[in-house]
1. Considering the range 112-126 alone, what residues qualify as being under 20 Å from V13 (Cβ atoms) and part of a loop (DSSP other than H, G, I, E, B)?
2. Among G104, G27, G64, G97, which is out of contact with any strand residue (DSSP E or B) (no Cβ under 8 Å at 6 or more places or on another chain) and at pLDDT 80 or above?
3. Since G47 meets every condition but one in (1) of a type in the set (G, A, S); (2) assigned to a loop (DSSP other than H, G, I, E, B); (3) modelled with pLDDT of 60 or more, which condition does it not meet?
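The values are calculated or read from the model by the stated rules, or taken from the named source; none is laboratory data. Because the structure is predicted, anything quoted here is derived from the model rather than measured. Here Cβ is always computed from backbone atoms with ideal geometry, including for glycine, and neighbour counts include all displayed protein chains.
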Amino acid sequence: MGTRVESRSSWAVTQEAVSRFDQLVYGTADTSVTEVSPCILLHNMLGGKIVDIQFPPHNNKVRGENEIEVIRPLQVGDEIRASTLVISVEPKVGKSGEMIVLRGETWYLDSKASLVLISRATIIFR
């Protein structure tokens, strides 16, 4: 399929977001932490908040598989954009009926267009 979808907006890595993520993952909101795992992107950017893809009109969505490749930590002040490549969209029939299997790869880039994280996902719509 090969359709690439660019994000319309960016997400700023703020001290507040880093502290919230630190609190959620480690149970401490250390305000001296200025570097964070790029996995914070998955928490803040997925779910249609930045990546604008028109998904099939099915009621149930299940993440089937997800592979994360971390390139570098994020720094407070980074501006992150996402670019998603829709690799395939396959209609299938299973025990529960018709479904659509979408495979995609999302690249997360900083303001210098340097890659910080790659997410490869399979999403099933039923």
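1. K112, A113, S114
2. That would be G97, the only listed residue that is out of contact with any strand residue (DSSP E or B) (no Cβ under 8 Å at 6 or more places or on another chain) and at pLDDT 80 or above.
3. Exception for G47: condition (3).
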